[in-house]
Structures are given as structure tokens and as C-alpha cells.
Amino acid sequence: LATGTNGIVDGLVSLIGTGATVHKLTAADADGVSFNTSSKFVAGAGLSGNPFGNVTAGSVVFISGSEMEQVSGANPFAIAAGVVTFQTGSLYKITGATFTPSFSGRTYANVQIDAVGYSVSSTGGSPLSIDDLTITNGTQNLNLTGGISIKGNISVAAGATLGFSPATANTLFFNGTASQSINNLGTISFNGNLNVNMNMNINR
């Protein structure tokens, strides 16, 4: 989409298939593409590179009730300022077992990892912010050192793993505006470098 134009997605956009390297959805302006409630974007198998390009910060917006599913390709943020914006109530879902997400310095709404065989240890020195964090399948280690903010709930399903093992001191903040919960049927682990800061009463 060129400068001065915008697009609104009310259904499904899926970039998938062998040779999908050239497939991208890009906008020249901030807020150039909006995914409405109940809409979905899939970065599917065979995709490579950043699905929304790497030029305009905030050019793609997922509003509440929309979803991005990532099977393959590079992370949607692409640049430090972030090409994509996940508004409160949207979902970023990882279903690719070999995909490596970008967490350091990123702001998400809800995040779900649901990929059998997925095992990623994420590092970096910049802050991470997530609303609800759900691990349905796979192992995610958030070994960041720039601070982690959880504004919603944590849920780890049976057989899934969530770990916090920073190499140096880090703080996990539970700083939502409503009651938060930790629902663990799998494994949650912490090492001695992680401090936990609860800014309110949390049901555990």
C-alpha cells in the first residue's frame, strides 16, 4: 500500500507455500493496514523474511480480537521501533516448531505458544511486555535481562514448559490492572538471578 492509502482486513490473509520468500504485506504509512476483530493473518510454512517488511514503524495494527499466527518466516517487528503493533486483546500465536520469536524490547498483547517440538531460549537486555502468556505445547525460556512485565495471566499446559533463567539479575513484574493468576499444569522454573515483583494480590 502506497503513501496515502490504507487497508482494513476483516477476514483471513495467509502467506504460505514453497517459494514464498517474496510474499509480504506492506504499507508505507503508519496504521496503513488494520486487522479488525475476528480477522487473522498467517505467516505460513515456506515463508521467509519479515511478513510485513522492514520499513515503516507501526504500519500494521492488530486490534482487539484479531490474531496473527506464525508458522515460519522472520519476526513481524523487523525493526527496533516495530513494524507491527499488537493492541490489547489481540493474539500472537506461534505454531511453528522451528520458529524463533523476538522478545527483547518488544510489546505484545496476548501470546500463545502451541507447537510440539518447539524449544527456544530467548535472551536480550531490553524490556519485554506481555498481557496473557499461554504455553500450550513446547518449551519457552525467557532468559532476558532487561525486565519482563506480565499484565495478564500465565498458563502452562501439561507437558509444556516455561522457564526464567537470566544470566544476570532480572525482574519479572506482575503489574496488571486486574487480578492475575498463574495456572500451571506443566513446568515453570526460575533461577537465582530472577526477582519477582508483584504489584498487587495475585491468585496462585
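The values are calculated or read from the model by the stated rules, or taken from the named source; none is laboratory data. No experiment lies behind these values; they were computed from the predicted model shown. Note that each Cβ is placed from the backbone with ideal geometry, even for glycine, and that neighbours are counted across all protein chains shown. Remember, those area values only see protein heavy atoms, side chains included, never the ligands or the DNA or RNA. Shrake-Rupley method; radii C 1.70, N 1.55, O 1.52, S 1.80 Å.
Data overview
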{"read-out": "Neighbour net charge for residue 91 - beta-carbon separation under 14 angstrom, K R +1, D E -1", "value": "-3"}
{"read-out": "Where a label projected 7 Å from the Cα of residue 8 along Cα→Cβ would reach, residues of the stretch 62-76 with amide N under 14 Å", "value": "63-64"}
{"read-out": "Tensor-based shape of the stretch 108-204 (alpha-carbon gyration tensor, a/c under 1.5 rounded, otherwise prolate or oblate)", "value": "oblate"}
{"read-out": "Heavy-atom accessible surface of the stretch 1-101: percent carbon and sulfur, 1.4 Å", "value": "54 percent"}
{"read-out": "Amide H partners (placed H, <5 Å) of residue 42, local residues excluded", "value": "13, 14, 15, 69"}
{"read-out": "Antiparallel bridge percentage (DSSP; both residues within the stretch 1-67; nearest 5)", "value": "0 percent"}
{"read-out": "Integer Hz, Karplus 6.51/-1.76/1.60 couplings in order for the stretch 64-73, x for Gly and Pro", "value": "4, x, 8, 9, 10, 10, 10, 9, 8, x"}
{"read-out": "Packing rank of 41-52, 99-110, 170-181, where each peptide gets the mean count of other beta carbons within 10 Å, highest leading", "value": "41-52, 99-110, 170-181"}
{"read-out": "Hydrodynamic radius (Kirkwood) for the chain, which is based on Cα pairs only, to one decimal in Å", "value": "17.3 Å"}
{"read-out": "Electrostatic dipole magnitude of the stretch 67-192 [Cβ: Lys, Arg +1; Asp, Glu -1; Cα centre; debye, to 20]", "value": "200 debye"}
{"read-out": "Reachable lysines, given that their alpha-carbon falls under 26 Å from the alpha-carbon of residue 151 and they are not under 8 places away in the same chain", "value": "40, 93"}
{"read-out": "The chain: relative contact order as a whole-number percent, Cα under 8 Å and 6+ apart", "value": "12 percent"}
{"read-out": "Dipole axis of the chain (+1 Lys, Arg; -1 Asp, Glu on Cβ), positive-most option in 57, 8, 127", "value": "127"}
{"read-out": "Cα-based convex hull volume of the stretch 140-188 per residue, rounded to whole Å³", "value": "62 Å³"}
{"read-out": "Most to least packed among 2-11, 82-91 [average Cβ atoms within 10 Å]", "value": "82-91, 2-11"}
